[in-house]
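S.K.: Before I ask anything, let me first share the structure, which is written out below as structure tokens.
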Amino acid sequence: MDLENSTQSDRLIQYIEYKGYSFRKAERLLGLGNGTIGKLKGELKPIIVDAIVNTFPDINRRWLETGEGDLEKPPGSTGSDRDELIKTQRDFIENLKNDKMELKAENQALKEEIRSLRRQLEELQPNVNASRAG
């Protein structure tokens, strides 16, 4: 598994294997149907992440969500998950804002390109009409 490009579902599977659980045991503990974990792809729904963190209190939420940090919480961790969650959410919001700005700029460039192509089409239309008539 490429850890650098791993998804939340990849990290869940990594955690399950690290703990020595079968998929079926993990599914039972999480209240999921048989075969569900093997079918997970990509990012997990927030309700699933919450269930995982509540079921496996030693899993590091930040690691599960982002891949940053260690798989397990440090020994003696007092549940600073709230602070980590807030940081993760702030980072996520900041990334969304950046994505929005990039998409806005790209959208503007595409609108300009469409205008330019329409002008070119209008300029060529008389030639097309003349060649059809002639």
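S.K.: Restricting the search to region 1-23, which residues are in a helix (DSSP H, G or I) and either modelled with pLDDT under 90 or surrounded by fewer than 14 Cβ atoms within 10 Å (Cβ to Cβ) (or both)?
M.R.: Selection gives L3, E4, N5, E17, Y18.
S.K.: Given the criteria touching a helix residue (DSSP H, G or I) at 6+ places or on another chain (Cβ under 8 Å), surrounded by 17 or more Cβ atoms within 10 Å (Cβ to Cβ) and not in a helix (DSSP H, G or I), does L44 qualify?
M.R.: It is true that L44 is touching a helix residue (DSSP H, G or I) at 6+ places or on another chain (Cβ under 8 Å), surrounded by 17 or more Cβ atoms within 10 Å (Cβ to Cβ) and not in a helix (DSSP H, G or I).
The values are calculated or read from the model by the stated rules, or taken from the named source; none is laboratory data. Because the structure is predicted, anything quoted here is derived from the model rather than measured. In this analysis, Cβ positions are derived from the backbone assuming ideal geometry, glycine residues included, and neighbour counts consider all displayed protein chains.
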